[in-house]
Amino acid sequence: MRYDRQIAMPEIGEEGQQKIVSARVLIVGVGGLGSPVALYLAAAGVGTIGLIDDDCVSETNLQRQILYDETQIGQRKVLCAKQRLASLNSNITIQTHDDFLTKENAEQIIKQYDIVVDACDNFATRFLISDTCKSLRKPMIYGSIGSLDGQVAVFLHQTAVSYRTLFPDEKPLSETTKNASPVIGVTPAVVGSIQANEVLKLICGYGESLTDKLLTIDLRDYSVFIMNL
């Protein structure tokens, strides 16, 4: 069977696999981070995956955004991503939101899901995800990348810690001009895979999650640090 290898794990088993199939996960941003997150969650059998992104595939995306190929340049990302994920696992449901997450639509979209993965590339959206998840009592899996560095954290509504604990002063960050930051494709692959693992850990209840912790990784020398927030 498709999921035999993970069902055989004591951390998952039949009960855990049923939880995975019943889960609803939203991925905000279907780019460098969103690509591995979406692929691994789809492969694991997450029953409903939501994708929100308002962008089109460009040639520069292909260096790291492994959901897409050259034939899809100029096409809407969420539609291309849905096609790829459906071809990987036809047993799951892919819901697309071809839009940018805003104050006007955030609550309506996020409330449909159990877990929200922050795979976006700007501070303003992360603050919005954090505030909305806190209000709706939804877990947020934060991830960010740059060059050969990455960060992952898990924020739950049950604690006082949130994305604002990391960055208390929103205004100067949100007003920062968005520039194309340097990055090699393997960085989002590694960080997105960690985010996907954190999602599955929350769903199945195995291991020790990064709740209220910040993991940082430097791929230059594989140094990994976990800091309590």
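Annotations for the structure displayed:
- Put simply, of Leu215, Leu128, Leu156 the only residue that is within 26 Å of Glu15 (Cβ to Cβ), surrounded by 17 or more Cβ atoms within 10 Å (Cβ to Cβ) and touching a residue at least 12 places away in the same chain (Cβ under 8 Å) is Leu156.
- Test: residue in the range 119-126 that is touching a Gly at 6+ places or on another chain (Cβ under 7 Å), charged (D, E, K, R) and modelled with pLDDT under 95: yes
- Boolean, Gln108 is part of a helix (DSSP H, G or I) and more than 15 Å from the chain's Cα centre (by Cα): yes
A quick yes/no check of all residues on (1) closer than 18 Å to Gly34 by Cβ; (2) without any contact (Cβ under 8 Å) to a residue 24 or more places away in the chain; (3) hydroxyl-bearing (Ser, Thr, Tyr):
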position: His97; (1), (2), (3): yes, no, no
position: Tyr113; (1), (2), (3): yes, no, yes
position: Lys138; (1), (2), (3): yes, no, no
position: Ile145; (1), (2), (3): yes, no, no
position: Val161; (1), (2), (3): no, no, no
position: Arg164; (1), (2), (3): no, no, no
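- Where Gly50 falls short, out of the listed (1) surrounded by fewer than 21 Cβ atoms within 10 Å (Cβ to Cβ); (2) outside any loop (DSSP other than H, G, I, E, B); (3) not hydrophobic (A, V, I, L, M, F, W, C): (1)
- Just so you know, in the range 53-68 the residues that are among the β-branched types (Val, Ile, Thr) and surrounded by fewer than 20 Cβ atoms within 10 Å (Cβ to Cβ) include one that is farthest from Arg2 (Cα to Cα), and it is Thr60.
- Considering the range 69-105, and only residues there that are assigned to a loop (DSSP other than H, G, I, E, B) and of a type in the set (A, V, I, L, M), the residue that is surrounded by the fewest Cβ atoms within 10 Å (Cβ to Cβ) turns out to be Ile73.
- Top-ranked residue of the range 168-197 - restricted to ones that are surrounded by 15 or more Cβ atoms within 10 Å (Cβ to Cβ) and under 20 Å from Phe127 (Cα atoms), ranked as modelled with the lowest pLDDT: Ser174
- Residue in the range 25-36 that is without any contact (Cβ under 8 Å) to a residue 40 or more places away in the chain and not in a loop (DSSP other than H, G, I, E, B) present: no
- Restricting attention to the range 84-103, the residues being under 29 Å from Ala124 (Cα atoms) and under 18 Å from the mean Cα position of the chain (by Cα) number 12.
- When the range 134-157 is filtered for residues that are outside any loop (DSSP other than H, G, I, E, B) and in contact with a His (Cβ under 7 Å, 6 or more places away or on another chain), only Lys134 remains.
The values are calculated or read from the model by the stated rules, or taken from the named source; none is laboratory data. Just so it is clear, the structure is predicted and the values come from calculations on it, not from any experiment. Here the Cβ is made from the backbone with ideal geometry for all residues, glycine too, and neighbour counts use every protein chain on show.
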